[in-house]
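Trainee: Dropping a structure here in structure tokens format, bear with me for questions.
Every number here is computed from the coordinates shown, using simple stated rules; none is lab data. All of these numbers come straight from a predicted model, not from anything done at the bench. Cβ placement follows ideal geometry from the backbone for every residue including glycine, while neighbour counts extend to all protein chains displayed.
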Amino acid sequence: MNYIIFDLEWNQSDDEKNSVKALPFEIIEIGAVKYNERMEQTGEFHELIKPSVYHHLHHITGRLIHMRMKDLKAGGRFTEVMERFLTWCGEGERLFCTWGMMDLTELQRNMKYYDMPPLSQGPIPFLDVQKLYSIACQEGKVRRSLEYVIDALEIPKDIPFHRAFSDAYYTGKVLAKIGTPELMKNLSYDVFHPPLNREGELKLQFDNYAKYISRQFASKEEAFEDPEVVSCKCYLCRRNLKKTVKWFTSNGRQYYCVAYCEIHGYLKGKIRVRRTDDGMTYIVKTTKLISQEESEEIRQHELHSRELRRVHRTNREKKKRKQKEDCSGTMT
């Protein structure tokens, strides 16, 4: 197994009106280090990429990475650099590792923009080293910056931060220091390409929660007609549970429910509704054990949301009646 620890720098439009919807972030630099199973560094990769979409550096990007556009013009074309990067990664078993959740998604988005073959036809497992540090040292509750973690772990700062190679280099140092086999079971999944069919759906179990990633649906309404999407199962005993609080939402993007297992207690279900670049819908559902007090808080949240919907519906009906009355008065 090779661990491919990489970091990206990207550029974007200074003006949102001129942003290209299919490529909001154009990759301008790839940096990476390769580690073996013994957490020994065995290789390095670093290349600049010549921009072809955004020809002016965003003011924040330029200030952060201390680079000028003329420096980037000496870089290679994205497709050429990407091919060299994938060759460097090797054809054997590999696992991508990043600091945070965005890099693997934006890498695939850039590949799609340039009509390159996808890295995978479905979700890609990877290690989010920022999350691993949070689990190991922050009880999973706080996400820290890379420089904060380097200081906390007393790792020597021998190269500057905020360039693709240096951030990959330091991410590798963090992984080598905290990456126990038990901790590294906490895989993340990039879902730039969601499952295409039911057979490809993911049902994952971790120490204290379970995750389900659905196939693609034509709409949110179609997704919520699927029994697997709206079910709530105990991830410890695998039983289908009766909901004590049915699925509800306050914003149309995140849904919650509560179910009760006679053996293990209350479980909270959370559904995130996601959209693909092609306009399809998929579901990411998590379930975890909670206390009775937490279940009651969710129940109160549902009652509050229900009351808000009632008030909104009443106000909408009043507005419609007033419009009709105003229209009738004008005609008279």
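Trainee: Hey, how many Å between the Cα centroid of the stretch 76-96 and the Cα centroid of the stretch 226-296?
Mentor: Their Cα centres are 38 Å away from one another.
Trainee: List the extent of the Cα atoms of the stretch 239-305 along each of their three principal axes, largest first, rounded to whole Å.
Mentor: The Cα atoms of the stretch 239-305 stretch 42, 29, 15 Å along the principal axes, largest first.
Trainee: Quick one: 3J(HN,Hα) in Hz for the stretch 171-184, Karplus 6.51/-1.76/1.60 with θ = phi - 60°, rounded, Gly and Pro as x.
Mentor: Those phi angles translate into 4, x, 4, 5, 4, 5, 7, 10, x, 6, x, 5, 5, 6 Hz.
Trainee: Okay, moving on. Determine the shape class of the stretch 200-248: with a ≥ b ≥ c the square roots of the Cα gyration tensor eigenvalues, call it rounded for a/c under 1.5, and otherwise prolate if a/b is greater than b/c, oblate otherwise.
Mentor: It is oblate, given that a/c is not under 1.5 and a/b is not larger than b/c.
Trainee: Using the structure shown, list the pairs from K141/K185; K285/K319; K21/K50; K21/K173; K185/K242 with a Cα-Cα distance above 27 Å, or answer none.
Mentor: K285/K319; K21/K173; K185/K242
Trainee: Per the helix-only calculation at 222 nm, which mean residue ellipticity applies to the chain, given -39500 (n - 2.57) for every DSSP H run of n ≥ 4 and division by its residues, nearest 500 deg cm²/dmol? Numbers along the way, then the final one.
Mentor: Values: 10 runs with 114 residues, N = 332.
-10500 deg cm²/dmol, from helical runs alone.
Trainee: For the chain, what's the relative contact order in percent, using C-alpha pairs closer than 8 Å and at least 6 residues apart?
Mentor: Computed over the chain, the figure is 13 percent.
Trainee: Order of Y256, Y114 from fewest to most other C-beta atoms within 10 Å? Display every interim value, and only then the final one.
Mentor: Details: Y256 18, Y114 12.
Starting with the residue having the fewest Cβ neighbours, the order is Y114, Y256.
Trainee: Which shape class applies to the stretch 279-332: rounded if a/c is under 1.5, otherwise prolate when a/b exceeds b/c and oblate if not, where a ≥ b ≥ c are the square roots of the Cα gyration tensor eigenvalues?
Mentor: Note, shape of the stretch 279-332 comes out oblate.
Trainee: Okay, moving on. Stick to Cα atoms and the Kirkwood definition of Rh, then tell me Rg/Rh for the stretch 2-189.
Mentor: On the way: Rg = 16.4 Å, Rh = 17.2 Å.
With Rg and the Kirkwood Rh in hand, the quotient comes to 0.96.
Trainee: Going by alpha carbons, how many degrees (0 to 90, nearest 10) lie between the helix axis of 102-113 and the longest principal axis of the chain?
Mentor: Approximately 80 degrees, to the nearest ten.
Trainee: Determine ³J(HN,Hα), in whole Hz, for all residues of the stretch 157-168 in sequence, where each value follows from phi through the Karplus function 6.51 cos²θ - 1.76 cosθ + 1.60 and θ = phi - 60°; x replaces Gly and Pro.
Mentor: Taking θ as phi minus 60°, the curve returns 9, 9, 9, x, 8, 6, 10, 4, 5, 5, 5, 5 Hz for the stretch 157-168.
Trainee: Hey, what do the phi angles of the stretch 300-305 turn into as Karplus ³J(HN,Hα) couplings, whole Hz, using 6.51/-1.76/1.60 and θ = phi - 60°, x for Gly and Pro?
Mentor: 5, 4, 5, 5, 5, 5
Trainee: Now a separate question. Cα-Cα pairs above 22 Å in the stretch 1-85: how many percent?
Mentor: Tail fraction, whole percent: 33.
Trainee: How big is the chain by the Kirkwood estimate over distinct Cα pairs, in Å?
Mentor: 22.9 Å
Trainee: Would you work out if the stretch 196-307 is rounded, prolate or oblate? Take a ≥ b ≥ c from the square roots of the eigenvalues of the alpha-carbon gyration tensor; rounded if a/c is under 1.5, else prolate when a/b is larger than b/c, oblate otherwise.
Mentor: oblate
Trainee: For the stretch 132-187, restrict the atom set to alpha-carbon positions and state the Rg and Dmax in Å.
Mentor: That works out to 11.4, 31 Å for Rg and Dmax.
Trainee: Scale the Cα Rg of the stretch 79-230 by the rule-of-thumb value 2.2 N^0.38 Å and send over the ratio, two decimals.
Mentor: Values: Rg = 17.6 Å, N = 152, 2.2 N^0.38 = 14.8 Å.
For the stretch 79-230, the normalised Cα radius of gyration is 1.19.
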